Amino acid sequence: MNQNMAALVKGATMVGGSFVLLVAIVSGLFHIPQHREKPPGPPAGGVAGSSAPAPVTPPQASAPGAPAQQGSAPGAAGAPSAAAAQQPQTPPRKATDFTFPQARFEQVLAQNADAPVDASLANSGKPSAGVAACASCHGAQGVPAAGTPFPILAGAPPAYVAKQLLDYRDGTRQHPIMTGIAKGLDDKDIAAVARYYGSLPAPAIKPPAANAQDRGQRLHGFGDNGLALAACANCHGANGEGEAPMLPRLAAQPEAYIAGQLDAFRNGQRANDDLGTMRDIAKRLSAEDTAALAKYYAGMRSQ
């Protein structure tokens, strides 16, 4: 019994010793040494080869007029250099930067906005410049005689009339009579005559009866998909009355005038349409289509 107990004690002692040894080995493998503070470095100007940082040398003051040294003094970080200060600064944006400039005809009308309505040029012309009275072709009240090739001006938007006269004057729109007349007019004359005709009442329109066989009426109201033609009414109004300020009246205009203008757009004699819209349309119209449209619009005249 005593021998068994002694053997048991001896075995336990050996196991315990082995366990302690194992714990010691494991602890040695994973042991992390304690953090120790780094000893203070030598005083400023210490021994060469030490780990202490080198002293910072303060910047030297520049002589008057000399270029600035790199590395500004403390407190001057980010300060602009003399060259940068002399660079022109970009001015701030203004609301007018995002507006379109006035067109020439708008400028002409705006510069003469206070001028009273004056019928003298329309009724008497400008003899000193060889300009005949407008009424001699366009009628006493802006309505020409039936059968003539001159357009109705009564009730036309002043912006439209002013633009056409300026285009005649600079050659964008050509005409054997109107080009010479427009060259004899100054900006004040153009504004005056444009406002005068805009102040007159437009003649009444006589809408035609519906007729599915009328080619002109169909082109006006529906266009022609096969020719890639939109309805004329889309721009010139349901009854051809025009859309101010730049889309002119077609209703009741003389047949010869409508046909002549479509021909002028087609052959490039008239090229003052924005983006070439009317030139493209006129090129798609046959001679028969042109005649049908001219007859249709002329038939809207009420007198």
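When a 1.4 Å probe is rolled over the protein heavy atoms, the share of accessible surface on the stretch 96-178 that falls to carbon and sulfur comes to 60 percent. Computed with a 1.4 Å probe over protein heavy atoms only, the accessible surface of the stretch 261-303 comes to 52 Å² per residue.
Hey, what's the stretch 145-192 come to in accessible area per residue, 1.4 Å probe, Å²?
On the way: 1960 Å² over 48 residues.
I get 41 Å² per residue for this part.
Would you please classify the overall shape of the stretch 191-253 from the alpha carbon gyration tensor, given that a ≥ b ≥ c denote the square roots of the eigenvalues, rounded means a/c under 1.5, and beyond that prolate means a/b larger than b/c while oblate covers the rest? Oblate shape, in that a/c is at least 1.5 and b/c is the bigger or equal ratio.
Of the accessible area of the stretch 206-303, with the probe set at 1.4 angstrom, what percent is carbon plus sulfur?
Details: 2740 of 5140 Å².
That share works out to 53 percent.
Between Gln86 and Lys188, the simple label model (points 7 Å from Cα in the Cβ direction) yields a spacing of 5.0 nm.
The values are calculated or read from the model by the stated rules, or taken from the named source; none is laboratory data. Just so it is clear, the model here is predicted, and its values are computed rather than measured. Every residue, glycine among them, receives a Cβ derived from its backbone with ideal geometry; neighbour counts consider all protein chains shown. In case anyone asks, the SASA skips ligands and DNA or RNA and just uses the protein heavy atoms, side chains included. Shrake-Rupley method; radii C 1.70, N 1.55, O 1.52, S 1.80 Å.
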